[in-house]
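Read the structure below first, then the notes.
Coordinate-derived values only; no laboratory data. Keep in mind it's a predicted model, so treat the numbers as computed, not measured. Neighbour counts are summed over all protein chains in view; Cβ atoms, including those assigned to glycine, are modelled from backbone coordinates with ideal geometry.
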Amino acid sequence: MLEFLSNKKDFDQNGHNPGHSDEEILDAYSRTVVSVAQKVSDAVVQIKVNKPGPRGRRPSNNRPHGTGSGFIISSDGYVVTNSHVVSGAKSIEVNLQDGRQFSGVLVGNDPATDVAVLQINGENLSTVSFADSDRLQVGQLAVAIGNPYGFQYSLTAGVVSALGRTLRSESGRLIDDVIQTDAALNPGNSGGPLVNSQGEVIGVNTAVILPAQGICFAVASNLVQYVVGKLIIEGKVRRGYIGISGQVVRINSRLRNYLGIDNISGVLVHQIEPDGPAYNSELRSGDLIINFNGQPINSIDDLHKKLNEETIGKKVELKVLRNRRKERVRVIPAELT
C-alpha cells in the first residue's frame, strides 16, 4: 500500500488521523495516480488489426477487425501486447498518444502465455520498464492503462487482489503466475500494462470474467520478461511434447496405499503417436503417468509444465502404473512446433 496509508504512527488508537484531513489523504492518492499516468501514458499504444473475415473475406467496410492495447519497452520500438490481440492479423496499426501511426511487425507470438511482441520503426519513443513481480503484495496499488472499447488512453486504478492465480490460455495450456486485480478492464484493454505506484509494469492485462464484478487478470511481469526475451531473440518459446493424448484419472485410495504413492490422480495415456519425432515407444495405451523425472504428475497441466525447453531431446524417466504395478519407462520429448 502507499506509505501515507500504511504509516501507523499517523493514526491514533481510534483509527483517526489527527495530522491529515480527508482532503489531504485524497490528494496524496490522487497525486500518485496522476504521477503514474504522466510517466506511463506516452508509452501505451492503441493497436488496430485487420483479420480475415469468414472464408477469407475482409471485414465489412474495410474497418479494423479489432482493437487492443500495448506498451513500448525499448527505444528501438519493441511493443508488448497480447497474443490474442494480434494473432492471425493481416495488418497491424500501432497508434501513439502523440498522434503518430506506425505499421507494426510481428516479432514473435506465444499463445501459451498470451504474450506477443511487435516492432515499430519510430524515433523519440517513450518507454516503460518492468518491475519484479515476485515482490508484489496483495493490497498494493495497481493502475491499468489501455484503450477500452476504442476509447484511447483510459486509466483505472485499484489494488492487487490476489497473486499466483492460473488462467487457461486460448492454446489450452495454463498460464501460471497470474495477477488478479480489481482495476476495471474492458474489451480493448487487452495487452495494456498494469503498473505499480512507481509507474513500473507489474503485469500485462489479459482477461476479464464478464459475469463478475471487478475480477480481472494480468500475466505477471517476470513471466512476461522471460517470454519477451525468447520472442525477440528466437521468435518463439520452445516447448516439448511426447506424442500422446490422455486424460486425468483419479487413483482410488486402496491402490494408492497398496503401491505407497502420494498421487491423487495421474494422466491416463489414450493414444500414442507412432513413428513421431518424440521417442515414446516404451509407453503403452492404458499407462497412467504419475511421475516425471522424480516430480509427481497429477494432471495434464503438471505434465505441460515439465515439458519445457530444457527437456527437449533429453532422456526423461516416467513412472507409470501398468496393470496395477509401478513401472519405469523412458521418453525423449521432441520440440512442439
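Kindly evaluate Gly158 against the criterion of being free of Cβ contacts under 8 Å to residues at least 60 places away in the same chain and outside any loop (DSSP other than H, G, I, E, B). If you could, list the steps in order and put the result at the bottom.
Details: free of Cβ contacts under 8 Å to residues at least 60 places away in the same chain: yes; outside any loop (DSSP other than H, G, I, E, B): yes.
The answer is yes for Gly158.
Please pick out the residue among Ile290, Ile232, Ile272, Ile242 that is among the hydrophobic types (A, V, I, L, M, F, W, C), within 24 Å of Pro111 (Cα to Cα) and surrounded by 18 or more Cβ atoms within 10 Å (Cβ to Cβ).
Numbers: Ile290 fails: within 24 Å of Pro111 (Cα to Cα); Ile232 fails: surrounded by 18 or more Cβ atoms within 10 Å (Cβ to Cβ); Ile272 fails: within 24 Å of Pro111 (Cα to Cα).
Result: Ile242 is the single residue among Ile290, Ile232, Ile272, Ile242 that is among the hydrophobic types (A, V, I, L, M, F, W, C), within 24 Å of Pro111 (Cα to Cα) and surrounded by 18 or more Cβ atoms within 10 Å (Cβ to Cβ).
Exactly one condition in (1) in contact (Cβ under 8 Å) with a residue 24 or more places away in the chain; (2) assigned to a strand (DSSP E or B); (3) over 30 Å from Ile145 (Cα atoms) is not met by Ala218; state its number.
Answer for Ala218: the failing condition is (3).
Could you look through segment 71-117, keep only residues that are touching a Ser or Thr at 6+ places or on another chain (Cβ under 7 Å), among the charged types (D, E, K, R) and closer than 20 Å to Phe130 by Cα, and pick out the one that is surrounded by the most Cβ atoms within 10 Å (Cβ to Cβ)?
Asp114
Limited to segment 74-117, what total is found for residues that are part of a loop (DSSP other than H, G, I, E, B) and of a type outside the set (Val, Ile, Thr)? Reasoning before the result, please.
Here is the first cut: in segment 74-117, the ones part of a loop (DSSP other than H, G, I, E, B) are 74-77, 82, 87-90, 96-100, 104, 111-114.
Narrowing the set further to residues that are of a type outside the set (Val, Ile, Thr) leaves 74-77, 82, 87-90, 96-100, 104, 111-112, 114.
So the count comes out to 18.
Find all pairs meeting these conditions: Cβ atoms under 7 angstrom apart; at least six residues apart or on different chains; first residue within segment 311-336 and touching a residue at least 60 places away in the same chain (Cβ under 8 Å) and under 14 Å from Ile251 (Cβ atoms); second residue of a type in the set (Lys, Arg) and surrounded by 14 or more Cβ atoms within 10 Å (Cβ to Cβ).
Once the first residue is touching a residue at least 60 places away in the same chain (Cβ under 8 Å) and under 14 Å from Ile251 (Cβ atoms) and sits in segment 311-336, its partners that are of a type in the set (Lys, Arg) and surrounded by 14 or more Cβ atoms within 10 Å (Cβ to Cβ) give Lys326/Lys319.
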